[in-house]
Amino acid sequence: MEKKLNLDIAGTVSEFERLMREFLIRRVLYRIIFRGKGLEFDSYRDFSPDDDAGDIDWKASARANKLLAKQYIEERDLKFIFVIDVGENMLFGSEEKLKCEYAAEAAAALSHLILNSNDAVGFVFFSEDIIKIVLPKKGMKQFSIFVDELSNPLLYGGNSDVKKALDSLLEYLNDSINAVIILSDFIRMDKDTSQTLDLFSRRFETIAIMIKDSLDKTFPKIGGEIIIEDPKTKEQMIINPAVAKKAYEKNALEQDSMVKKIFTECGIDFLEVMTNEHIALKLAEFLKERVEKRKYISPTK
């Protein structure tokens, strides 16, 4: 009997879009996910109380002796690429959902929002290598294709290699892509990935969604000694859980800090979510925060 993933795509999409309607103004939607790439400066206009204060041009306002806001021409043919880790590390979970199931629902919710705004979505699945690439297209047929692929359990497995996948994509993707959204636990990412991510950030608006299970950060309390086995070599080792817990959590904290530092230094906005958290709410709050903190670069005249 074929295994199925525990997904509630429809429920997550519905809840996420309800929250988006509560949190966000439609006119700033395209400035939430990317930094303003695709927004062309048009002219100045009088600032109104309904405008975003981030649109004020203070130098022009000083010359005119009144508040002036920048007005932009919004490009409507935006192209987004979802880059999704489907390695065996994502087939793990101590909560209701595996990390890959959580990632699938997050990607589906964001892609539905983008496609429903008449923009284009493409996707890439990777583990040791890139498994599948589908170039950006518009329309709900593309959403159905994406969801079908996300729901396919045969797609998942293998070792995850974020750097190798991103290096390949740098050669493959052209500059017509506006934004790249990477979903992974980033557990196997190392410092060598920093240069690759920096190149990505320079070419595309890049967002990282880090999906973690509680056991990625903490080692459970276990009495007595336990035997662990390497799934590849079948080598076994007896360990003291109390000793292992300290080393495990220290390594997990160092890895987590290293990944976040790389994202920050590369100018990549990121969201960390745990699989016991409400994914629709976390995504909506993340996008709302991007609006409030103005996490984009406005085009200049």
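Read-outs throughout are calculated quantities, based only on the coordinates presented, and are distinct from any laboratory measurement. Quantities reported herein were computed from a predicted structural model and do not represent experimental measurements. Every residue, glycine among them, receives a Cβ derived from its backbone with ideal geometry; neighbour counts consider all protein chains shown.
Pairs with C-alpha atoms separated by more than 25 Å, drawn from the list 97/282; 234/261; 70/288; 3/212; 132/234; 3/79, are 234/261; 132/234; 3/79. Hey, for a label at residue 219 modelled as a point 7 Å past Cα toward Cβ, could you say which residues of the stretch 240-273 have their backbone N under 13 Å away? Label zone hits: 240-253. Take every Cα pair under 8 Å whose residues are at least 6 apart in sequence, average their separation, divide by the length of the stretch 160-283, and the relative contact order is 29 percent. The calculated FRET efficiency for residue 152 paired with residue 116, based on their beta-carbon distance and R0 = 22 Å, is about 0.40. With the simple model of a label 7 Å out from the Cα in the direction of the Cβ, residue 233 to residue 199 spans 3.3 nm.
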